[in-house]
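Notes to accompany the following structure.
The values are calculated or read from the model by the stated rules, or taken from the named source; none is laboratory data. None of the values given here were measured: they were computed from a predicted structure. Please note: Cβ atoms are built from the backbone with ideal geometry, for glycine as well, and neighbour counts cover all protein chains shown.
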Amino acid sequence: MNRKILVIEDEKIVRENIVTLLSEEGYIVFSAKNGDEGIKMAKEELPQLIICDIMMHGLDGYDVLAKLSEETATKSIPFIFLTAKVERDDIRKGMELGADDYVFKPFKSEELLKSIETRLKRIDTLKGTLMDSPGQSSSQCYSIDDKIFINVNSKPHLIKIKDIIFISAESQYTSLHMSDQGSYLLRKSISAWEEVLPAKNFLRIHRSTIINAEYLVKMGKAYNSSFLIYLKNVPEPFVVSKRYSTKIRQFSI
């Protein structure tokens, strides 16, 4: 599948040159001449990557990244800044907003293409999708003995529900931490997992964490009536937030 890339650049010649370069490399390229147009196009097209100039009339690149970071559908899209500025404070500002890389003007074609390739490869490696098992909808509840298919980097994997030690939220994604020390990052929210996992086995202990109680080996008091819990094969303990502490009281070791 050809990747979609959005180029936001107010200098016409620069914008057209980038569009030509990326089109010749086989990418599907969309372009916008200012920040407002770029934000609108990003929401409509949902590209796999965005290249954006910083210094533009109207909304600058920082504004564009900040606004797209507020939207669920666009906040995880890899973002590359184009800039002629090399000051440390400017770079820090972009990174704090969530920029993935900087390409400095004037740049060679190879530099831009390498940055794009690196970002896309990383996103392929990290992000997977949940695939419905035969005869089962992803909206149905799983049992502890169920197996599910996931697709990571275009490769299918079959995992067992009982082998999930804990699930942690990472932005709009969740990371499944497995008993074999492996992990998978999937595009599925922590709340969505809570709805389909067996309630007698999996506990929400924090707004960003679900644990498999089968791996619970030790509990202790922390502070403010909260708990520390220890899971098998996990070196660091988890703090159970006060909101969810009543759930953990039902379990005894």
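Residues of segment 5-26 being charged (D, E, K, R) and either in contact with a helix residue (DSSP H, G or I) (Cβ under 6 Å, 6 or more places away or on another chain) or assigned to a helix (DSSP H, G or I) (or both), which ones?
Within segment 5-26, 9, 12, 15, 16, 24 meet the criteria.
So if I check each of 55, 41, which one is touching a Gly at 6+ places or on another chain (Cβ under 8 Å) and among the aliphatic types (A, V, I, L, M)?
None of the other options fit; the residue is 55.
Within this structure, residue 196 passes the test of being in the same structural domain as residue 144 (by TED's automatic domain parsing) and surrounded by 17 or more Cβ atoms within 10 Å (Cβ to Cβ).
Within segment 177-193, can you find the residues that are closer than 15 Å to residue 144 by Cβ and either assigned to a strand (DSSP E or B) or not assigned by TED's automatic domain parsing to the domain that holds residue 144 (or both)? The answer is 178, and nothing else.
Within segment 53-67, residues that are assigned by TED's automatic domain parsing to the domain that holds residue 104 sit with their Cβ atoms under 6 Å from residues that are among the small types (Gly, Ala, Ser) and crowded, with 19+ Cβ neighbours inside 10 Å, at 6+ positions apart or across chains, in these pairs: 53/61; 54/61; 56/35; 58/35; 59/35; 63/35; 64/35; 64/38. For segment 68-98, residues that are in a helix (DSSP H, G or I) and either without any contact (Cβ under 8 Å) to a residue 12 or more places away in the chain or more than 28 Å from residue 174 (Cβ to Cβ) (or both) total 8.
Picking from residues in segment 241-250 that are in a loop (DSSP other than H, G, I, E, B) and of a type outside the set (Ser, Thr, Tyr), the one that is modelled with the highest pLDDT is 249. Within segment 104-118, the set of residues being surrounded by fewer than 18 Cβ atoms within 10 Å (Cβ to Cβ) and either in a loop (DSSP other than H, G, I, E, B) or not aromatic (Phe, Trp, Tyr) (or both) comprises 105, 106, 107, 108, 109, 110, 111, 113, 114, 117, 118.
Pairs are defined by a Cβ separation below 9 Å, a sequence spacing of at least 6 or placement on different chains, a first member in segment 99-116 that is at positive phi and charged (D, E, K, R), and a second member that is exposed (fewer than 15 other Cβ atoms within 10 Å of the Cβ) and not in a strand (DSSP E or B); no pair meets this definition.
Selection over segment 205-240 of residues that are modelled with pLDDT under 75, hydroxyl-bearing (Ser, Thr, Tyr) and at negative phi gives a count of 2.
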